[in-house]
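Beneath this line is the structure, given in structure tokens, with notes to follow.
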Amino acid sequence: MIRYTLNCAAGHRFESWFPSSASFDAQQARGLVSCPACGSAEVEKAVMAPSVARTDRAPAPAAEEAA
């Protein structure tokens with residue numbers, strides 16, 4: 001599953017979950033993705049920062065106990 005932050009043509013910002021990037025693209029092309037505030041089908045992905053795992057942190061306590 002992938003969560004996208006989306007913007008509509010009227011400037012409303014909202015989030016939605018999709019099984020994959022290809023699924024979002026297919027639904028958007030068919031006009032199935034719409035703004036919950038105004039109903040506009042003119043929706044595009046907002047710029048999002050990637051989720052990056054940090055390596056400078058100590059392991060979680062559960063991970064230490066399992067080792």
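The values are calculated or read from the model by the stated rules, or taken from the named source; none is laboratory data. All of these numbers come straight from a predicted model, not from anything done at the bench. Here the Cβ positions follow ideal geometry from the backbone for every residue, glycine too, while neighbour counts run over all protein chains shown. For accessibility, only protein heavy atoms count, side chains too; no ligands or nucleic acids. Shrake-Rupley method; radii C 1.70, N 1.55, O 1.52, S 1.80 Å.
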> Which numbered condition trips up ARG3, out of (1) in a strand (DSSP E or B); (2) open to solvent by less than 70 Å² (accessible area, probe 1.4 Å)?
Replying inline: (2)
> Between residues in the stretch 4-31 that are more than 10 Å from GLU44 (Cα to Cα) and of a type in the set (S, T, N, Q) and residues that are open to solvent by less than 50 Å² (accessible area, probe 1.4 Å) and assigned to a loop (DSSP other than H, G, I, E, B), which pairs lie under 8 Å by C-beta distance while being six or more apart or on different chains?
Replying inline: SER16/VAL33; GLN27/VAL33
>> Condition first: of a type outside the set (D, E, K, R), under 12 Å from ALA9 (Cα atoms) and surrounded by 12 or more Cβ atoms within 10 Å (Cβ to Cβ). Now tell me which residues in the stretch 27-45 satisfy that.
In response: SER34, CYS35, ALA37, CYS38, SER40, ALA41, VAL43
